[in-house]
Amino acid sequence: MSKGKVLNLKDKINGNEMDLSLCNLSEVPVKELAAFRKATVLDLSCNNITSLPPEFCKLTHLVKVDLSKNQLACLPDDLGTLGNLQHLDLYNNKLSGLPVSFSQLRNLKWLDLKDNPLEPELAKAAGDCLDEKQCKQCASKVLQHMKDVQEEVDNAREKRFLKEREQEKKKEAKQREREAREREVRKREKAEEKERRRKEYQAQMDATAAQEHQRKKKEEKKKRNGQAADKKAALESAPKPRRSLIGLLFKLLLLLLLGLAGAAAACQLTDLRREMACVPVNTALEQGLSWARRQDVLVRQLLKDWSTLAKELLESSQASKN
């Protein structure tokens with residue numbers, strides 16, 4: 001509203017009453033009314049008001065409000081903040097219900113809801129309101145009804161909250177269960193990966209050990225083959241005894257000596273010594289022994305040489321046989 005209209009509002013004040021009825025208003029001048037805190041009684045009847053702005057609920061100084069014969073289809077949700085309101089006239093509007101916060105109007109003593117398309121339960125609580133007593137009863141019963149509605153709303157809200165909370169808990173439980181499964185899967189995958197690496201490492205170590213064993217086996221075989229080859233080569237390269245004429249002569253001489261020694265032994269030690277054939281042998285042996293005694297050193301040396309020669313001849317003979 002303009003400043004001129006604000007000044008006109010001053011003309012509408014009579015004591016604590018602000019009379020704006022029959023002013024053809026379609027909106028409530030809330031900002032202008034807020035400047036008149038002493039006007040606790042507000043008459044807005046017989047206008048074309050279709051709704052009250054949310055700011056109307058800030059006019060907490062109001063004690064009596066007349067909104068009869070308007071076009072109100074609903075009231076602000078925060079209407080219950082008008083804690084000082086005692087008298088409310090809503091006769092002949094288009095209201096079907098009241099805001100839940102209506103139950104907070106604890107000081108409300110008088111209420112008129114006639115000629116409104118009210119919901120059945122609300123209409124039953126409101127009654128006819130044909131006189132002062134019925135309007136007071138209307139205020140009391142409607143407040144009680146709205147308190148029940150408030151309680152139902154609170155219960156419904158609480159149930160909804162509990163349901164939502166239960167759903168959240170279930171969702172959280174599912175989330176925890178899913179996370180637990182994911183952790184278990186990761187743990188199992190980690191264990192499987194660890195086992196796989198362990199098996200790979202063990203297989204690698206076994207392969208390395210097998211290769212090392214094969215290498216050592218080959219080295220041992222090669223070493224044995226080398227030793228056999230060296231032994232064979234040594235045997236092949238060993239000088240073979242030469243069958244020389246001198247060796248044969250020594251063998252014949254040895255046989256001759258052995259034969260003479262055997263004949264001498266037979267003629268000396270057996271009964272053949274009386275035979276004529278042994279006489280020259282014994283004589284020669286005696287002469288030889290006599291001479292040998294004289295040539296003791298020479299004989300010993302000769303016997304030693306013959307013995308050595310005979311030993312070498314025997315060893316050579318055995319080697320040639322092998």
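Based on what the data block shows, is Lys171 part of a helix (DSSP H, G or I) and closer than 18 Å to Leu85 by Cα?
Here the answer is no, as Lys171 does not meet what is asked.
Residues to consider are Lys114, Lys141; find the one that is crowded, with 16+ Cβ neighbours inside 10 Å, touching a Gly at 6+ places or on another chain (Cβ under 8 Å) and closer than 15 Å to Leu88 by Cβ.
Lys141
Within region 44-80, how many residues are surrounded by fewer than 17 Cβ atoms within 10 Å (Cβ to Cβ) and among the polar types (S, T, N, Q)?
Count: 5.
Of the residues in region 92-140, how many are closer than 18 Å to Glu152 by Cα, touching a residue at least 24 places away in the same chain (Cβ under 8 Å) and hydrophobic (A, V, I, L, M, F, W, C)?
Total satisfying the criteria: 5.
Conditions (1) in a loop (DSSP other than H, G, I, E, B); (2) closer than 25 Å to Asn47 by Cβ; (3) modelled with pLDDT of 95 or more, marked per residue:
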site: Leu72; (1), (2), (3): yes, yes, yes
site: Leu85; (1), (2), (3): yes, yes, yes
site: Leu88; (1), (2), (3): no, yes, yes
site: Asn92; (1), (2), (3): yes, yes, yes
site: Leu95; (1), (2), (3): yes, yes, yes
site: Ser103; (1), (2), (3): no, no, no
site: Asn107; (1), (2), (3): yes, no, yes
site: Cys129; (1), (2), (3): yes, yes, no
site: Lys133; (1), (2), (3): no, no, no
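Please pick out the residue among Arg300, Arg293, Arg242 that is modelled with pLDDT under 65 and open to solvent by 100 Å² or more (accessible area, probe 1.4 Å).
Checking each option against the conditions leaves just Arg242.
The values are calculated or read from the model by the stated rules, or taken from the named source; none is laboratory data. What you see is a predicted model; the values in this text were computed from it and never measured. So basically every Cβ, Gly included, is an ideal-geometry build from the backbone, and we count neighbours across all protein chains shown. Just the protein is used for accessible areas: all its heavy atoms, side chains included, with ligands, DNA and RNA removed. Shrake-Rupley method; radii C 1.70, N 1.55, O 1.52, S 1.80 Å.
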